[in-house]
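Participant: Once you've had a glance at the structure underneath, I'll fire off some questions.
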Amino acid sequence: MENKYADLHIHTDKSDGSHSPEKVVELAQRSGLSAIAITDHDSVEGIAQAVAKGQQLGVEIIPGIELSAMVNGEDIHILGYFIGTRNKCFLDQLSFLRQKRKERAVRIVEKLNSLGVKFPFPDLLALSASAAVGRMHVARTLLARGYIRSMPEAFWRYLGRGKPAYVPKYKLSTEKAIKIIHKQGGIAVLAHPYVIKQSGMISQLVAEGIDGVEVYHSEHPAAAARRFLKKTKQYQLLVTGGSDCHGDLKGKTIIGTVKVPYELVVRMKQKAGGNAQIN
Ligand code: AMP
Ligand code: ZN
Ligand code: FE
Ligand code: FE
């Protein structure tokens, strides 16, 4: 098992990444990864394609998802791993969340229009196609139309929380997000805790049944990772990590720049198997 690594947080163009699932798997193989998790926002649509490509190229694909919950007005992301991807009720829930994203995108565009930032809605739809539409698609449209000079500018000027074109997402509780993941036989993991401003989130989530914490992430400084590692020991939680690669949308493609030893994947599998028996 030595020298086997996994990147456990990657987006495809089925949500707000820029690469197709196949391309993601090719890049993973070229980076020497043994396994990757596809964790699109509110969608499992990219997983079958990734699995097929992974079989060709010898890369293990872990079926995943990233759900957004709202706690005190703050976006808390919950990752799901080793989830079943065929249950009709689950797929309907995801379609509902994607529909809510579309309605939100319409409201974001209306707000931008009223601020004098005008572009036709079809521009946005052309970019998001069948994907779970989000603020990254809006940011790309603003960039393409010359309203901003960089993706971060879209967020600090217009789309971020408290900014003039901010529209909150559909409100899922963290408890519900964890339940949805558990119901599909998966394990639930708190994503990028470093970006969360309110304190006490990990202990709240432990009470709600969270299984792990994303200790390693492209936006986590080493000291933060050490702090979260301690928390996982304190609460006996699984440790995960990943790049949160969105393709080339946030600069260069970062697949594999954050990776964890495969041993951690083995532990996640064991826990998922245990959860499935409780269900
Ligand atoms: P959404 O799911 O539509 O709320 O969009 C979330 C996406 O926007 C995630 O991929 C984040 O990485 C990205 N995002 C959120 N805030 C910022 C920010 N301040 N700068 C750059 N990207 C951001
Ligand atoms: Zn994203
Ligand atoms: Fe996230
Ligand atoms: Fe993500």
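Participant: Taking Cα centroids, how far is the range 168-190 from the range 223-279 in Å?
Facilitator: Centre-to-centre distance over Cα atoms comes out at 16 Å.
Participant: Excluding same-chain residues fewer than 8 positions from K118, which lysines have a Cα within less than 30 Å of its Cα?
Facilitator: Within reach: K14, K100, K102, K163, K169, K171, K250, K252.
Participant: When only C-alpha pairs under 8 Å and at least 6 residues apart count, what is the relative contact order of the range 180-279, in percent?
Facilitator: Relative contact order here is 30 percent.
Participant: Whole Å is fine, so just give me how far the alpha carbon centre of the range 16-55 lies from that of the range 74-112.
Facilitator: Rounded to whole Å, the Cα centres lie 19 Å apart.
Participant: State, to one decimal in nm, how far the label point of A223 lies from the label point of Y166, with both points 7 Å from Cα in the Cβ direction.
Facilitator: For A223 paired with Y166, the spin-label model returns 2.6 nm.
Participant: In addition: If the chain between Q236 and V71 were fully stretched, how many nm would it gain, using 0.36 nm times the residue separation less the Cα-Cα distance?
Facilitator: Net length gain for the segment: 57.1 nm.
Participant: Just to be sure I understand: of the beta bridges DSSP finds with both ends in the chain, what percent are antiparallel, rounded to 5?
Facilitator: In the chain, approximately 45 percent of DSSP beta bridges are antiparallel ones.
Participant: Okay, next question. With springs only between Cα atoms under 10 Å, which of Q29, Q55, Q234 fluctuates most in a Gaussian network model of the chain?
Facilitator: Between Q29, Q55, Q234, it is Q234 that shows the largest mean-square fluctuation.
Participant: Choose one of V258, Y216, H246: the residue whose Cα lies farthest towards the positive end of the charge dipole of the range 215-279 (beta-carbon charges +1 Lys, Arg; -1 Asp, Glu; about the Cα centre).
Facilitator: The listed residue farthest towards the positive side: Y216.
Participant: To test your reading of the geometry: what angle, between 0 and 90 degrees and rounded to tens, separates the Cα axis of helix 88-114 from the longest principal axis of the chain?
Facilitator: Roughly 30 degrees between the two axes.
Participant: Quick check: convex hull over the Cα atoms of the chain, volume per residue in Å³, rounded to an integer?
Facilitator: 124 Å³
Participant: So, one more: Using 7 Å Cα-to-Cβ label points, what is the S114/K100 separation (nm, one decimal)?
Facilitator: Computed distance between label sites S114 and K100 equals 2.2 nm.
Participant: Now for a separate question. Percent relative contact order of the chain, based on C-alpha pairs within less than 8 angstrom and at least six residues apart?
Facilitator: Here the relative contact order equals 24 percent.
Participant: To continue, here is another question. Label Q55 and K179 with points 7 Å out from Cα along Cα→Cβ: what is the distance between them in nm?
Facilitator: 3.6 nm
Participant: Now for a separate question. If the chain between L143 and K4 were fully stretched, how many nm would it gain, using 0.36 nm times the residue separation less the Cα-Cα distance?
Facilitator: Stretched out fully, the L143 to K4 stretch lengthens by 46.2 nm.
Bear in mind that the values in this text are calculations on the coordinates, not laboratory data. Remember, it's a predicted structure, so these values are computed and weren't measured experimentally. When we count neighbours, we look across all protein chains shown, and the Cβ atoms used for this are built from the backbone with ideal geometry, even at glycine.
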